[in-house]
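Everything below concerns the one structure shown next.
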Amino acid sequence: MGFGELILLAIGVSMDAFAVSICKGLAVQKTRLREMATCGIWFGGFQALMPLIGFFLGALFYNASSAFDHWIAFGLLALIGGNMLKESLEKCDCCETTDASFGFKTMFVMAIATSIDALAVGITFAFLHVNIIAAVLFIGCITFTCSAIGVKIGNVFGVKYKSKA
């Protein structure tokens, strides 16, 4: 997997965290660097951790599935891509249920929920022999950046359009 493909994949898996971060930004009165960093660390950390876990899980089963591993990788990536397309066409209700809390329990649940697809990507990485350290760093850093920016974008639009947002 090349550099460009890795960047595109990292952007793709970070989009759900970006959307939730925008909703978190809509919910707060004033954005501080602390909220931006909190979202970035939680979402970026989990988006980096899940592919690493998936990679090691995939590596455990690699020998048993090496004859058809490319089909497993294809299936997982097709499933993730199809799910992303389906979700893009659905009405997003994440902003309706998001509150302004940046507490441990709230952020933990949201970080897990937004990073499940990254676990499947990590399993695929094991079958494709991807450099997992580079992949995890790219995914974590890009998700951190997108999430932090998402909080700010959500807050800017929330302040500007108030109840319409």
| message | Whether any residue in the stretch 2-21 is free of Cβ contacts under 8 Å to residues at least 40 places away in the same chain, farther than 23 Å from I132 by Cβ and not β-branched (V, I, T) is what I want to check. | response | no
| request: Inspect the stretch 12-19 for any residue being over 13 Å from A118 (Cβ atoms) and open to solvent by 20 Å² or more (accessible area, probe 1.4 Å) and give the result as yes or no. | output: yes
| request: Among what's in the stretch 101-115 and is out of contact with any helix residue (DSSP H, G or I) (no Cβ under 7 Å at 6 or more places or on another chain) and either surrounded by 12 or more Cβ atoms within 10 Å (Cβ to Cβ) or modelled with pLDDT under 80 (or both), pick the residue that is nearest to V13 (Cα to Cα). | output: A113
| When you scan the stretch 45-100 for helices (runs of 4 or more DSSP H) that lie fully inside it, which ones turn up with 1 or more residues that are at pLDDT 70 or above, farther than 24 Å from F138 by Cα and open to solvent by 70 Å² or more (accessible area, probe 1.4 Å)? | 69-89
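What's the total number of residues in the stretch 116-144 that are at negative phi and open to solvent by 70 Å² or more (accessible area, probe 1.4 Å)?
Total meeting the criteria: 7.
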| Filtering the stretch 147-165 down to residues that are open to solvent by 30 Å² or more (accessible area, probe 1.4 Å) and under 22 Å from M107 (Cα atoms), which residue is modelled with the lowest pLDDT? | A165
| field | Hits in the stretch 20-44 (condition: open to solvent by 30 Å² or more (accessible area, probe 1.4 Å), closer than 27 Å to L79 by Cβ and either of a type in the set (A, V, I, L, M) or modelled with pLDDT under 90 (or both)) | value | I22
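The values are calculated or read from the model by the stated rules, or taken from the named source; none is laboratory data. Note that the structure is predicted; figures quoted are calculated from it, not measured. Cβ sites come from the backbone with ideal geometry, for glycine too, and all protein chains shown count toward neighbours. Protein only, heavy atoms only, side chains kept; ligands, DNA and RNA dropped before computing areas. Shrake-Rupley method; radii C 1.70, N 1.55, O 1.52, S 1.80 Å.
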